[in-house]
């Protein structure tokens, strides 16, 4: 059952997110607060090359002060088509343009406190076509044979939940096609 919003206060508004505190009435009549991060929808890509390798990116993440192995991903520019965002992000982060783009699914990343929705796509038939972007200088592209994906997840070498979920979507997609 939905909660009734009694008031909303924006605490912070930045370039990529907004933080608000909602005062709500719960379904049992109690008054409570909810801290909510508002974040626009994004895309995430499972990129597969002609040799059945997954292209992952290794990049530093300030919030946890370490490098993570992740799938290419990013925001959708205002007015941009989702397929175009997939192609742009692939060019920026991996240096490849996919000639085949297909939706695998989508999901909310952390619905306990954030409204971000992630559109998950497959990118294949890759051709070199880099596109420069301001925030991609430290990104390293890592090719991983698809057969090694379960071991990378189970061993903890891939720790990003969005990457794990995306890879699981892809493995199921492969099994069913």
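Values in this text are rule-based calculations from the coordinates and carry no lab data. Model, not experiment: these values are computed from the prediction. We place every Cβ from the backbone using ideal geometry, glycine too, and count neighbours over all the protein chains shown.
Among the candidates 86, 101, 57, the residue that is touching a residue at least 24 places away in the same chain (Cβ under 8 Å) and touching a helix residue (DSSP H, G or I) at 6+ places or on another chain (Cβ under 8 Å) is uniquely 57. Among the candidates 78, 67, the residue that is within 20 Å of residue 167 (Cβ to Cβ) and out of contact with any helix residue (DSSP H, G or I) (no Cβ under 8 Å at 6 or more places or on another chain) is uniquely 67.
Yes/no per residue for (1) touching a residue at least 12 places away in the same chain (Cβ under 8 Å); (2) surrounded by 13 or more Cβ atoms within 10 Å (Cβ to Cβ):
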{"site": "111", "(1), (2)": "no, no"}
{"site": "115", "(1), (2)": "yes, yes"}
{"site": "130", "(1), (2)": "yes, yes"}
{"site": "136", "(1), (2)": "yes, yes"}
{"site": "139", "(1), (2)": "yes, yes"}
{"site": "145", "(1), (2)": "yes, no"}
{"site": "152", "(1), (2)": "yes, yes"}
{"site": "159", "(1), (2)": "yes, yes"}
{"site": "162", "(1), (2)": "yes, yes"}
